[in-house]
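Asker: Just dropping this structure here.
Derivation of every value follows stated rules applied to the coordinates shown; laboratory data play no part. Predicted model, so just to flag it, every value in this text is computed and none were measured. Every residue, glycine among them, receives a Cβ derived from its backbone with ideal geometry; neighbour counts consider all protein chains shown.
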Amino acid sequence: MNILITGVAGFIGSALAVRLLERGDTVYGIDNMNAYYDVELKEARLARFRRHPGFTFEKLDVADRTAMAETFQKNRFDVVTHLAAQAGVRYSIENPNAYIDANLVGFGTILEGCRHAKTGHLVFASTSSVYGANTKLPFSEHDNVDHPVSLYAATKKANELMAHSYAHLYGLHCTGLRFFTVYGPWGRPDMALFKFTKGIIEGTPIPVFNNGKMVRDFTYIDDIVEGVIRVMDRPARTNATWSGDAPDPASSRAPYRIYNIGNNRPVELMRYIQVLEERLGKKAVIEMLPMQPGDVPATTADIRELDQAIGFKPKTPVEVGIKQFVEWYKSYYRIV
């Protein structure tokens with residue numbers, strides 16, 4: 001297949017590109033290479049496959065309407081996997097305009113490109129953050145998610161609604177994936193595991209919010225990629241039993257579906273840190289802090305729909321995933 005990956009220099013995008021190229025697909029990757037975090041890390045991710053004969057890279061911002069329209073005019077994609085976004089809950093409080101541009105305007109250009117190019121399937125990244133103020137666990141795609149507690153979450157909820165409208169109006173097959181706390185080698189420096197590892201190695205305090213009373217459905221990168229690929233290969237279908245009298249948020253009469261991708265094994269944050277300490281052979285200096293605005297105390301994914309649809313559910317325990325991350329981190333940063 002000929003596949004467009006947006007955000008190809010990102011954590012998930014680059015890991016996905018590696019797998020798709022290995023199985024023989026052609027990949028057209030775009031990324032704006034912004035400086036939200038270390039650009040050298042993004043370049044290093046790209047270097048793993050940049051010279052592959054099946055890969056084409058273009059430095060491009062998805063919010064650039066003209067350039068994106070030209071990309072879709074020049075190419076015909078069987079699948080578009082849209083991962084480019086301004087990520088991060090806390091940063092959305094500091095710089096809301098970055099989220100409006102990348103996550104709303106950018107997603108609009110993707111939808112328009114897919115519509116006019118008659119793309120077969122759009123797979124796009126959503127997030128567990130859309131569950132917002134919900135407290136019933138595990139989080140289910142069938143639950144209402146109308147109470148986001150951060151602008152980041154609100155933009156991702158908006159993406160789901162925008163995609164549904166294009167599925168309804170134009171028959172565009174759209175599948176949204178709600179990722180739950182992705183971690184692993186080549187990860188993002190703004191995420192907890194990266195910060196914790198750096199702090200423990202350097203002996204500096206690591207910030208632990210809500211006084212450590214946090215639970216997350218940590219999901220290993222290889223499991224995420226496997227789930228994404230399986231979803232890509234199965235375009236969203238209509239739900240013949242969908243009813244407007246009792247509308248199901250996870251499906252539609254249109255070719256539209258939403259799935260959680262999470263480990264379904266919630267882990268307490270302090271246990272996560274303990275495993276990291278064991279792998280590094282060093283204790284953390286912990287700075288207990290109150291809950292941050294826009295954050296939530298617990299996330300757990302109900303993954304029955306994903307398992308039923310694609311025959312897969314994430315399975316990597318944090319003990320294995322953290323070990324793999326630490327080995328990569330020490331190798332990448334040349335730490336003995």
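Asker: Evaluate the distance, in nm, between pseudo-label points positioned 7 Å from the Cα of Thr238 and of Lys283 along their respective Cα→Cβ axes.
Answerer: So the two model labels end up 6.3 nm from each other.
Asker: In the stretch 131-286, what % of DSSP beta bridges are antiparallel (nearest 5)? Walk me through the intermediate numbers first.
Answerer: Details: 2 of 11 bridges.
Once the DSSP bridges in the stretch 131-286 are tallied, antiparallel ones form about 20 percent.
Asker: Rounded to the nearest Å, what's the spacing between the alpha carbon centres of the stretch 147-184 and the stretch 33-77? Just the number, please.
Answerer: Centre-to-centre (Cα) distance: 22 Å.
Asker: If each residue of separation counts as 0.36 nm, what is the full-extension length gain between Ile93 and Ala44 once their alpha-carbon separation is subtracted?
Answerer: Working: separation 49, 0.36 × 49 = 17.64 nm, distance 2.91 nm.
Stretched fully, the Ile93-Ala44 segment lengthens by 14.7 nm.
Asker: For the stretch 74-218, what relative contact order do you get, as a whole percent, if you take Cα pairs closer than 8 Å and at least 6 residues apart? Let's see the in-between values first.
Answerer: On the way: 165 pairs, mean separation 36.9, N = 145.
Here the relative contact order equals 25 percent.
Asker: Can you tell me which of 297-303, 60-66, 246-252 comes out highest on packing, and rank the rest after it, using the mean Cβ neighbours within 10 Å?
Answerer: Values: 297-303: 21.1, 60-66: 17.7, 246-252: 15.4.
Sorting 297-303, 60-66, 246-252 by mean packing, highest first, produces 297-303, 60-66, 246-252.
Asker: Now a separate question. Less than 12 Å Cβ to Cβ from Val62, Lys/Arg counted +1 and Asp/Glu -1: what total charge do the surrounding residues give? Write down the numbers at each step before the final one.
Answerer: Numbers: positive: Lys59, Arg65; negative: Asp31, Glu58, Asp61, Asp64, Asp101, Glu112.
Net local charge, Val62 excluded: -4.
Asker: With charges only on Cβ, +1 for K and R and -1 for D and E, what is the dipole size of the stretch 107-176 about its Cα centre, in debye, rounded to 20? Mind dumping the intermediate values first?
Answerer: Details: 5 positive and 5 negative charges, 26 e Å.
The calculated dipole for the stretch 107-176 is roughly 120 debye.
Asker: Sort out for me the Cα centre separation of the stretch 85-111 from the stretch 191-236, rounded to whole Å.
Answerer: If we compute the Cα centre of each part, the gap is 20 Å.
Asker: Can you tell me, using C-alpha contacts under 8 Å and at least 6 residues apart, the relative contact order of the chain as a whole percent?
Answerer: Numbers: 663 pairs, mean separation 60.6, N = 336.
Reported as a whole number, the value is 18 percent.
Asker: Rounded to the nearest 0.05, what FRET efficiency do Tyr332 and Glu22 give with R0 = 22 Å and r taken as the Cβ-Cβ distance? Could you check? Walk me through the numbers before you get to the answer.
Answerer: Values: r = 21 Å, r/R0 = 0.94.
So, using R0 = 22 Å, E works out to roughly 0.60.
Asker: Any chance you could give the angle, 0 to 90 degrees and rounded to 10, that helix 192-202 forms with the longest Cα principal axis of the chain?
Answerer: 30
Asker: Given an 8 Å cut-off on Cα distances and at least 6 residues of separation, report the relative contact order of the stretch 162-288 as a percent. Can you show the working numbers first?
Answerer: Numbers: 183 pairs, mean separation 52.0, N = 127.
It comes to 41 percent, rounded to a whole number.
Asker: If each Cα of the stretch 193-307 is one equal point scatterer, what is log10 of I(q)/I(0) from the Debye formula at q = 0.10, 0.19 Å⁻¹?
Answerer: Reported log10 I(q)/I(0), two decimals: -0.46, -1.03.
Asker: When Lys and Arg each count +1 and Asp and Glu each count -1, what net charge do the other residues less than 11 Å away from Pro314, Cβ to Cβ, add up to?
Answerer: On the way: positive: Arg265, Lys313, Lys315; negative: Asp217, Asp222, Asp223, Glu226, Asp307.
Once positives and negatives cancel, what remains is -2.
Asker: Separate question: Work out how far the C-alpha atoms of the stretch 120-254 reach from end to end along every principal axis, then list the three figures in whole Å, largest first.
Answerer: Per principal axis, max minus min of the Cα coordinates gives 56, 30, 22 Å.
Asker: Also: Taking the Cα atoms of the stretch 191-257 alone, what are Rg (to one decimal) and Dmax (as a whole number) in Å?
Answerer: 20.1, 57
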